[in-house]
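As structure tokens, the structure follows; a few thoughts come after it.
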Amino acid sequence: GFIASSEPELVPKAEQNVVNQSATKLCECLVAHPDETRTCYQCKRAFHIACYELEGDLVPLVAKCLTCQAKDTLGIRMASFFYSRLALARRAARVAYRQKDEQVMWLIKRLGCNISKGRSIVKAINALGMVHVDKDAYPSRFHVAEERSWQNGRAVLFGSNLERAINSATPKARPRI
């Protein structure tokens with residue numbers, strides 16, 4: 001989820017424009033999480049790298065937050081609820097993928113949000129086929145889906161079709177676009 005030129009300029013991770021804790025605009029996930037952040041070049045909002053799938057030793061230099069992406073690509077501005085759910089669903093998918101198999105509550109705690117919101121986020125990535133939740137286990141557990149299902153869900157959640165990604169992360173609430 002970032003916009004860059006056709007030949008993205010890459011910079012070493014150590015030289016990225018990392019935002020300090022006193023950033024005036026919180027990441028769109030709305031969770032004060034200690035993860036590393038970047039700054040939207042357009043509005044100067046801080047966003048967690050984990051909420052945008054930007055990682056590795058080299059990342060594109062130019063990046064936009066979800067709000068600016070939606071404004072520029074869809075020509076609209078939505079309620080922060082939709083951006084928050086998408087950012088949290090992306091974070092949940094990444095955390096789940098790294099862990100592979102764990103208790104659902106473990107995943108929700110790693111998101112840093114309240115339990116109710118965390119459960120709805122887990123349901124969203126479950127509906128995308130990225131994880132499978134075993135509700136018969138006590139406590140309930142998740143495990144990452146096989147690679148093809150995972151990649152299909154990832155293509156939706158992290159894909160360039162922002163409207164589709166937002167709808168997948170907020171299955172019961174639909175933004176009017």
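The loop-placed trypsin sites (Lys or Arg not before Pro) in the stretch 73-177, going by DSSP, that have at most 15 neighbouring Cβ atoms within 10 Å of their Cβ come out as Arg77, Lys100, Lys135, Lys172, Arg176.
In the context of the full protein assembly, Asp35 retains an accessible surface of approximately 40 Å², using a probe radius of 1.4 Å and ignoring ligands and nucleic acids. Taking all Cα-Cα distances within the stretch 77-124, those exceeding 17 Å account for 26%.
With a sphere of radius 12 Å drawn around the Cβ of Arg141, what net charge do the other residues whose Cβ falls strictly inside it have (Lys, Arg +1; Asp, Glu -1)? Write out the running numbers ahead of the final one.
Values: positive: Lys100, Lys135; negative: Asp101, Glu102, Asp134, Asp136.
Summing Lys and Arg as +1 and Asp and Glu as -1 gives -2.
Among residues other than Gln103 whose Cβ falls under 14 Å from its Cβ, what is the net charge (Lys/Arg +1, Asp/Glu -1)?
Counting the neighbours of Gln103, the net charge comes to +2.
Report the net charge of residues surrounding Leu128, where surrounding means a beta-carbon distance below 12 angstrom and charges are Lys +1, Arg +1, Asp -1, Glu -1. Neighbourhood net charge equals +4. Note on Ser149/Lys117: beta-carbon distance plugged into 1/(1 + (r/R0)^6) with R0 of 30 Å gives a FRET efficiency of 0.80. Shown here for the stretch 98-173: GluC sites (Glu not before Pro) in loop regions (DSSP other than H, G, I, E, B) with at most 11 other Cβ atoms within 10 Å, namely Glu146. Rolling a 1.4 angstrom probe over the protein heavy atoms with all chains in place gives the stretch 120-160 an accessible area of 57 Å² per residue.
The values are calculated or read from the model by the stated rules, or taken from the named source; none is laboratory data. Remember, predicted model here, so these are calculated numbers, not experimental data. Neighbour counts run over all protein chains shown; Cβ positions are idealised from the backbone, glycine included. Areas reflect the complete protein model, heavy atoms only, side chains present, ligands, DNA and RNA absent. Shrake-Rupley method; radii C 1.70, N 1.55, O 1.52, S 1.80 Å.
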